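Taking it in order: structure first as structure tokens, then the write-up.
The values are calculated or read from the model by the stated rules, or taken from the named source; none is laboratory data. Note that the structure is a prediction, hence the values are computed from the model and not measured. We place every Cβ from the backbone using ideal geometry, glycine too, and count neighbours over all the protein chains shown.
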Amino acid sequence: MTQLVRVHNVTVSSDGYAAGEGQRLERPFGSVDPMDLMGWAVGTASWPGRSEPGGSRGIDDHLVREFHRDIGAEIMGRNKFSPHRGPWADEEWQGWWGDDPPFHTPVFVMTHHPRPSFTLGDTTFHFVAGEPASVVAQALEAADGKDVRLGGGADTVRQFLNAGLVDTLHVAVAPIAIGGGSRLWTSPDDLLDRYHRDVVPSPSGVVHHLFWRD
């Protein structure tokens, strides 16, 4: 069975930014309120952090559930894992997600400054350097026959797109403009030379763009 590299639930503004400028510990999305981007997902019945009954169903909920389906490993950029830059001054930082991260697989964090792997719950974080193709090879081996999720941020997704390593891509476009920060694209049409696309508006206000290739 062919293993795929998949992107799920990456959300960008109407002008193509997945985060604003000035990321820091208290503001993982920089200048942007994360709910302005991710509110469509947080409001679903299947959102992993939901502590109360309820939540929306429909297309948003379906796509949130797809996040975990048949995934055996994740790749992410360093700035999805951490607000810190440069050499690791403090290896006690273990990510934004607390003691039980939502990945439940091996996670490969791309960084020029490796550090020892560690495990929280059933998620093990590995810190790796190298080109996208070599990181994909490591993640596919660790996924044990399942697919690999490419988790972001935007700069990391763009690297893998440019290297021709992404098989399917789901991007939600939120009805806000940011104006600067970490940009995925100028227009979703930028990918039409490489991918087929379906566009699905949601009652939540976002528009889902679903890309795949032959």
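Take region 85-121 and flag every residue that is in contact (Cβ under 8 Å) with a residue 24 or more places away in the chain and basic (Lys, Arg).
Residue satisfying the conditions is ARG115 alone.
Quick one: would you say SER202 is small (Gly, Ala, Ser), touching an Asp or Glu at 6+ places or on another chain (Cβ under 8 Å) and surrounded by fewer than 19 Cβ atoms within 10 Å (Cβ to Cβ)? Reasoning before the result, please.
Working: small (Gly, Ala, Ser): yes; touching an Asp or Glu at 6+ places or on another chain (Cβ under 8 Å): yes; surrounded by fewer than 19 Cβ atoms within 10 Å (Cβ to Cβ): yes.
When the stated conditions are applied, SER202 passes them.
Only one of these is under 22 Å from ALA41 (Cα atoms), out of contact with any Ser or Thr (no Cβ under 9 Å at 6 or more places or on another chain) and assigned to a loop (DSSP other than H, G, I, E, B): GLY98, GLY145. Name it. Please lay out each step first, then the result.
Values: GLY145 fails: under 22 Å from ALA41 (Cα atoms).
Only one candidate passes the filter, namely GLY98.
Taking the condition at pLDDT below 95 and crowded, with 17+ Cβ neighbours inside 10 Å, does SER51 pass?
On the way: at pLDDT below 95: yes; crowded, with 17+ Cβ neighbours inside 10 Å: no.
Spelling it out, it is not the case that SER51 is at pLDDT below 95 and crowded, with 17+ Cβ neighbours inside 10 Å.
Starting from region 7-29, take each residue that is acidic (Asp, Glu) and list its partners that are not in a loop (DSSP other than H, G, I, E, B), counting only C-beta distances under 9 angstrom and pairs at least six apart or across chains.
What qualifies is ASP15/ARG183; GLU21/SER182.
Yes or no, residue by residue, for (1) on the phi < 0 side of the Ramachandran plot; (2) surrounded by fewer than 17 Cβ atoms within 10 Å (Cβ to Cβ); (3) part of a loop (DSSP other than H, G, I, E, B):
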| position | (1), (2), (3) |
| --- | --- |
| ARG115 | yes, yes, yes |
| GLN138 | yes, no, no |
| GLU141 | yes, yes, no |
| LEU161 | yes, no, no |
| PRO175 | yes, yes, yes |
| ARG197 | yes, yes, no |
| HIS209 | yes, no, no |
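Can you tell me how many residues in region 147-179 are among the β-branched types (Val, Ile, Thr) and closer than 16 Å to GLU74 by Cα?
Going through region 147-179, the residues among the β-branched types (Val, Ile, Thr) turn out to be 148, 156-157, 166, 168, 171, 173, 176, 178.
Then drop every residue that is not closer than 16 Å to GLU74 by Cα, which leaves 148, 156-157, 166, 168.
The number of residues fulfilling the criteria is 5.
Is it the case that SER46 is in contact with an Asp or Glu (Cβ under 7 Å, 6 or more places away or on another chain), surrounded by fewer than 20 Cβ atoms within 10 Å (Cβ to Cβ) and under 24 Å from LYS146 (Cβ atoms)? Full working, then the answer.
Details: in contact with an Asp or Glu (Cβ under 7 Å, 6 or more places away or on another chain): yes; surrounded by fewer than 20 Cβ atoms within 10 Å (Cβ to Cβ): yes; under 24 Å from LYS146 (Cβ atoms): yes.
Considered against the rule, which asks whether it is in contact with an Asp or Glu (Cβ under 7 Å, 6 or more places away or on another chain), surrounded by fewer than 20 Cβ atoms within 10 Å (Cβ to Cβ) and under 24 Å from LYS146 (Cβ atoms), SER46 comes out as yes.
Output the number of residues of region 2-29 satisfying the condition of being hydroxyl-bearing (Ser, Thr, Tyr) and either within 22 Å of PRO83 (Cα to Cα) or buried (at least 22 other Cβ atoms within 10 Å of the Cβ) (or both).
So the first thing to find is which residues in region 2-29 are hydroxyl-bearing (Ser, Thr, Tyr), and the list is 2, 11, 13-14, 17.
Next, from what is left, pick out any that are either within 22 Å of PRO83 (Cα to Cα) or buried (at least 22 other Cβ atoms within 10 Å of the Cβ) (or both): 11, 13, 17.
Total satisfying the criteria: 3.
Which residue pairs have Cβ atoms closer than 7 Å, lie 6 or more positions apart in sequence or on different chains, and pair a first residue in region 128-150 that is closer than 16 Å to GLY164 by Cβ with a second residue that is assigned to a helix (DSSP H, G or I) and not hydroxyl-bearing (Ser, Thr, Tyr)?
PRO132/GLN159; PRO132/PHE160; VAL148/VAL136; VAL148/ALA139; VAL148/LEU140; LEU150/VAL157; LEU150/PHE160
Does VAL157 satisfy the criteria of being in contact with a strand residue (DSSP E or B) (Cβ under 9 Å, 6 or more places away or on another chain), of a type in the set (A, V, I, L, M, F, W, C) and assigned to a strand (DSSP E or B)? Walk me through it before giving the result.
Working: in contact with a strand residue (DSSP E or B) (Cβ under 9 Å, 6 or more places away or on another chain): yes; of a type in the set (A, V, I, L, M, F, W, C): yes; assigned to a strand (DSSP E or B): no.
So VAL157 does not fit the description; no.
If we scan region 71-80, do we find a residue that is of a type in the set (D, E, K, R), surrounded by 14 or more Cβ atoms within 10 Å (Cβ to Cβ) and under 19 Å from VAL42 (Cα atoms)? Working first, answer last.
Applying the first criterion (of a type in the set (D, E, K, R)) to region 71-80 yields 74, 78, 80.
Still in the running and surrounded by 14 or more Cβ atoms within 10 Å (Cβ to Cβ): 74, 78, 80.
Still in the list and also under 19 Å from VAL42 (Cα atoms): 80.
Yes; the residues of region 71-80 include at least one that is of a type in the set (D, E, K, R), surrounded by 14 or more Cβ atoms within 10 Å (Cβ to Cβ) and under 19 Å from VAL42 (Cα atoms).
Quick check on my filter: what residues within region 177-193 are exposed (fewer than 12 other Cβ atoms within 10 Å of the Cβ) and without any contact (Cβ under 8 Å) to a residue 60 or more places away in the chain?
If the condition is that a residue be exposed (fewer than 12 other Cβ atoms within 10 Å of the Cβ) and without any contact (Cβ under 8 Å) to a residue 60 or more places away in the chain, then ASP189, LEU192, ASP193 are the ones that fit.
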